[in-house]
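For reference, the structure discussed in these notes is given below.
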Amino acid sequence: MSNTDKKKQKRKKPYRAAQDQIARTGGHLGTIFLTAVAALFILVGSVMLFVDGVQEQYLVYMISALLIALGIGLIVKYFVTEAYRSMHDYSFSGGALIVILGGSALARAKELTGQISVLAGLLVLAVAVVMLQQALQMHIMRKSVWPVVLTIAVVTLLAAVVLLFDLRFLTGTIEKIAYWILLIAGILTLLCMVISAIGVKLFLHQEKDELVRREKEQQLAFARAVDQERLEQKMKRIEQQEKSRERDAQHETDGQQQTDEQQADIPVQSEDGSDAETQSI
């Protein structure tokens, strides 16, 4: 690998680390905010249902404050997670818009009191969409609890439709139904978050075990390949040694044959020094 490629990899690592940090921090902030929304739903629903003398205008104030808090949270997230590194993140502009909407609702609280069911319906609708995403997440992870999450999401979505379209002929007093829906939606949101958190943790644990198993299999396969290569090299050396021994033995045999032939060509001499042919003459 050239020095240029190494420099490029070193440049990419900080950016990737920053992107991972953005994703983790953004996810934590989203979870915290969704938990706060669910707790606020439960609080508002309980107060409006079980505490006497509470005016609906206070609920508008709470919803406006919730919107403002959401907008501020998105703006803070933009800077904390360094989201300006990504050209696809518009959390700052979105947060500023939500803060403006919350401030406008706070300024027109009296006029919005008569539309309390619509405001509650919008909030419940947003939570129901998040539940649908959680159900899809569980389905992709192949968790058996995804039908439960999907059922909760659909029920919450239908409740939001009841509030948004003011189906008074089905529900009677729409305002009281809105508070019950807020209370139940808050409880169901917390339930879905717990189920999804457990499902995601189990999925990540299984994924980690699968990666470890694959790494072990790769290591074993590599070790077997190395052993096979060593065995083949050893067999080749043994084969070469055997061939070398056969050549040496063949050379010795050839040398012995040549020696025998040379000895056979030498004339036999008698004891008095004359050869056998001279004596015969």
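The values are calculated or read from the model by the stated rules, or taken from the named source; none is laboratory data. For clarity, every value in this text was computed on a predicted model and none was experimentally measured. Note: ideal-geometry Cβ built from the backbone for every residue, glycine included; neighbour counts use all protein chains shown. We work out accessible area using only protein heavy atoms, side chains counted, and drop any ligands, DNA or RNA first. Shrake-Rupley method; radii C 1.70, N 1.55, O 1.52, S 1.80 Å.
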Check your understanding: Scanning for something open to solvent by less than 90 Å² (accessible area, probe 1.4 Å), assigned to a helix (DSSP H, G or I), in contact (Cβ under 8 Å) with a residue 60 or more places away in the chain and under 30 Å from Val149 (Cα atoms), does segment 207-223 turn up at least one residue?
Key -> no
Study note, to complete from the structure: Result of the Cβ filter at 8 Å on segment 125-154, keeping first residues that are of a type outside the set (Val, Ile, Thr) and partners that are outside any helix (DSSP H, G or I), at least 6 apart or interchain, is Met138/Val145
Check your understanding: List, please: which pairs have Cβ atoms under 7 Å, are six or more places apart or on different chains, and start with a residue in segment 40-55 that is in contact (Cβ under 8 Å) with a residue 12 or more places away in the chain and end with one that is open to solvent by 70 Å² or more (accessible area, probe 1.4 Å)?
Key -> Ile42/Ile187; Gly45/Trp180; Leu49/Trp180
Exercise for review: Filter segment 121-163 down to residues that are more than 14 Å from Leu191 (Cα to Cα), out of contact with any Gly (no Cβ under 6 Å at 6 or more places or on another chain), surrounded by fewer than 22 Cβ atoms within 10 Å (Cβ to Cβ) and not aliphatic (A, V, I, L, M), then give me how many there are.
Suggested key: 5
Point to revise | Hits in segment 77-94 (condition: of a type in the set (A, V, I, L, M, F, W, C) and free of Cβ contacts under 8 Å to residues at least 24 places away in the same chain) | key: Phe79, Met87, Phe92
